[in-house]
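Enquirer: Questions regarding the structure given below will be posed in turn.
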Amino acid sequence: MPRKLITILGKARPKDGGDYNSARYDFGDGREPIETKYLGLALQQHLQSDTLIVLGTSGSMWDNLFDSLGLYDSHPGAMGELIDAAQNDAVTDAQLAPLAQAASVTLGKTVICETIPYGRNEAEQIAIISQILGYFAKGDKAILDITHGLRHLPLLIEHIANLLPTLKHVDIENIYYGAYELIHEHKTPVLPLVGLQKVSNWQNALAAYDHSGNIAVFAPILVEIGVSASAVKLLESAAYAEQTHRFRQSKKLVENFLAELKKEPESELLNLIRPTLADRLNWIKNPLHRFTLAEQALAHKDYLRVLTCRPLRL
């Protein structure tokens with residue numbers, strides 16, 4: 001499974017000397033922090049992904065990035081042209097290509113450096129999402145860095161993290177943020193944020209259930225957050241019984257599942273989803289729960305399910 005790291009490069013800020021501050025990025029694993037101005041380079045060194053993809057606008061500090069890789073002396077012509085282009089907000093992919101190739105040799109990895117729009121409007125924002133999705137193929141693993149770049153780009157990265165598993169069958173290995181503002185003892189902590197994907201997965205499961213009425217959609221997220229296999233099995237059995245029109249059995253299995261869920265060890269995420277899950281399953285309290293399911297299906301124009309849930313009077 002090819003592992004691809006996406007990092008965003010920001011625009012030079014004159015007040016900071018036109019470059020990022022150097023930081024000692026600490027991954028919290030006991031290893032020596034990695035000192036660099038760019039978290040993407042620290043991530044590449046720490047994680048050793050197969051491909052490093054650096055994205056930035058036509059005015060990003062491309063020249064500073066390549067200079068940090070020691071390319072100024074070896075490629076003075078290309079670097080001189082890039083410096084002028086960066087100052088005029090006019091960097092092109094053609095200018096980046098030879099330097100990206102040189103960076104690949106330096107790092108011993110495939111390095112892709114390409115420009116993205118600023119994301120000033122919906123069309124540009126969608127273009128960024130589409131471009132990033134295009135770097136991935138089925139079976140890849142994505143590592144996403146949201147540290148640098150314009151402040152609205154992390155929001156786009158969040159959408160990309162939701163879309164990659166669905167559209168590309170790509171696993172999200174992790175999402176990272178280098179929290180320079182949390183520097184302590186000359187170390188900058190690198191925060192892993194992939195756990196927040198579980199919240200998005202829960203939201204997606206709720207939407208899928210509200211549309212289909214199939215309680216089995218909750219099983220994967222429950223497994224992901226560590227709910228016991230026995231409790232998940234009760235939910236899956238209840239879903240199977242309901243889908244095969246054994247409604248009384250399904251109702252009993254859901255009741256058993258909710259009872260087991262109350263016994264699960266406390267966790268912040270489980271506490272977050274438990275009330276909503278119970279609310280979605282409260283149809284079991286209705287003596288005419290088959291009609292409740294039928295009405296739910298009718299609201300989504302799932303007419304076949306309406307007929308299977310509600311007895312017909314001929």
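Enquirer: Out of the residues in segment 103-125 that are free of Cβ contacts under 8 Å to residues at least 60 places away in the same chain, under 29 Å from L47 (Cα atoms) and in a helix (DSSP H, G or I), which is nearest to the chain's Cα centre (by Cα)?
Expert: Q125
Enquirer: For segment 21-53: of the residues being among the β-branched types (V, I, T) and in contact (Cβ under 8 Å) with a residue 60 or more places away in the chain, which is most open to solvent (accessible area, probe 1.4 Å)?
Expert: At the first step, the residues of segment 21-53 found to be among the β-branched types (V, I, T) are 34, 36, 51, 53.
Add one more test, that the residue is in contact (Cβ under 8 Å) with a residue 60 or more places away in the chain, and what stays is 51, 53.
Details: T51: 20, I53: 2 Å².
Step by step, filter segment 21-53, then rank; the result is T51.
Enquirer: In addition: Here are some residues: G56, G70. Which one is of a type outside the set (D, E) and more than 21 Å from L150 (Cα to Cα)? Walk me through how you get there before you give the answer.
Expert: Numbers: G56 fails: more than 21 Å from L150 (Cα to Cα).
Unique residue meeting the criteria: G70.
Enquirer: Only one residue in P220, P154 is under 30 Å from V254 (Cβ atoms) and either at pLDDT below 90 or part of a helix (DSSP H, G or I) (or both), so which one is that? Talk me through it step by step, then tell me what you get.
Expert: Numbers: P154 fails: under 30 Å from V254 (Cβ atoms).
Every option except P220 fails the conditions.
Enquirer: Check L222, L272 and return the single one that is in contact (Cβ under 8 Å) with a residue 12 or more places away in the chain, open to solvent by 60 Å² or more (accessible area, probe 1.4 Å) and more than 25 Å from D29 (Cβ to Cβ).
Expert: Numbers: L222 fails: open to solvent by 60 Å² or more (accessible area, probe 1.4 Å).
Answer to the selection: L272.
Enquirer: Further question: Restricting to segment 103-126, and then to whatever is over 16 Å from I53 (Cβ atoms) and among the hydrophobic types (A, V, I, L, M, F, W, C), can you tell me which residue is surrounded by the fewest Cβ atoms within 10 Å (Cβ to Cβ)?
Expert: The selected residue is A123.
Enquirer: Taking the stated definitions as given, is V227 modelled with pLDDT of 75 or more, in a loop (DSSP other than H, G, I, E, B) and not small (G, A, S)?
Expert: Numbers: modelled with pLDDT of 75 or more: yes; in a loop (DSSP other than H, G, I, E, B): yes; not small (G, A, S): yes.
Yes; evaluated as a whole, the condition is true for this residue.
Enquirer: Still on this structure, please answer the following. Examine segment 141-157 for a residue that is farther than 13 Å from T7 by Cα, touching a residue at least 60 places away in the same chain (Cβ under 8 Å), touching a helix residue (DSSP H, G or I) at 6+ places or on another chain (Cβ under 8 Å) and crowded, with 16+ Cβ neighbours inside 10 Å, and state whether such a residue exists.
Expert: Scanning segment 141-157, I find no residue that is farther than 13 Å from T7 by Cα, touching a residue at least 60 places away in the same chain (Cβ under 8 Å), touching a helix residue (DSSP H, G or I) at 6+ places or on another chain (Cβ under 8 Å) and crowded, with 16+ Cβ neighbours inside 10 Å, so the answer is no.
Enquirer: Now for a separate question. For segment 55-102, how many residues are assigned to a loop (DSSP other than H, G, I, E, B) and surrounded by 14 or more Cβ atoms within 10 Å (Cβ to Cβ)? Lay out the reasoning, then the answer.
Expert: Filtering segment 55-102 down to residues assigned to a loop (DSSP other than H, G, I, E, B) leaves 57-59, 61, 69-70, 75, 88-92.
Restricting the remaining residues to those that are surrounded by 14 or more Cβ atoms within 10 Å (Cβ to Cβ) gives 57-59, 61, 69, 75, 91.
Counting residues in segment 55-102 that are assigned to a loop (DSSP other than H, G, I, E, B) and surrounded by 14 or more Cβ atoms within 10 Å (Cβ to Cβ) gives 7.
Enquirer: For segment 245-269, give me the residue count where each residue is open to solvent by 60 Å² or more (accessible area, probe 1.4 Å) and under 16 Å from V217 (Cα atoms).
Expert: 0
Enquirer: Only residues that are open to solvent by 60 Å² or more (accessible area, probe 1.4 Å) and modelled with pLDDT of 75 or more: list them for segment 281-294, please.
Expert: Within segment 281-294, N282, K285 meet the criteria.
Enquirer: A161 - would you say it is small (G, A, S), farther than 20 Å from S58 by Cα and part of a helix (DSSP H, G or I)?
Expert: Working: small (G, A, S): yes; farther than 20 Å from S58 by Cα: yes; part of a helix (DSSP H, G or I): yes.
Criteria met by A161.
Enquirer: Could you please let me know if K138 is surrounded by fewer than 20 Cβ atoms within 10 Å (Cβ to Cβ), in contact with a His (Cβ under 6 Å, 6 or more places away or on another chain) and not acidic (D, E)?
Expert: Numbers: surrounded by fewer than 20 Cβ atoms within 10 Å (Cβ to Cβ): yes; in contact with a His (Cβ under 6 Å, 6 or more places away or on another chain): yes; not acidic (D, E): yes.
Criteria met by K138.
The values are calculated or read from the model by the stated rules, or taken from the named source; none is laboratory data. Keep in mind that this is a model prediction, so the values were computed, not measured. Here Cβ is always computed from backbone atoms with ideal geometry, including for glycine, and neighbour counts include all displayed protein chains. Ligands, DNA and RNA are stripped out before the accessible areas are found, and what is left, the full protein with its side chains, is counted by its heavy atoms. Shrake-Rupley method; radii C 1.70, N 1.55, O 1.52, S 1.80 Å.
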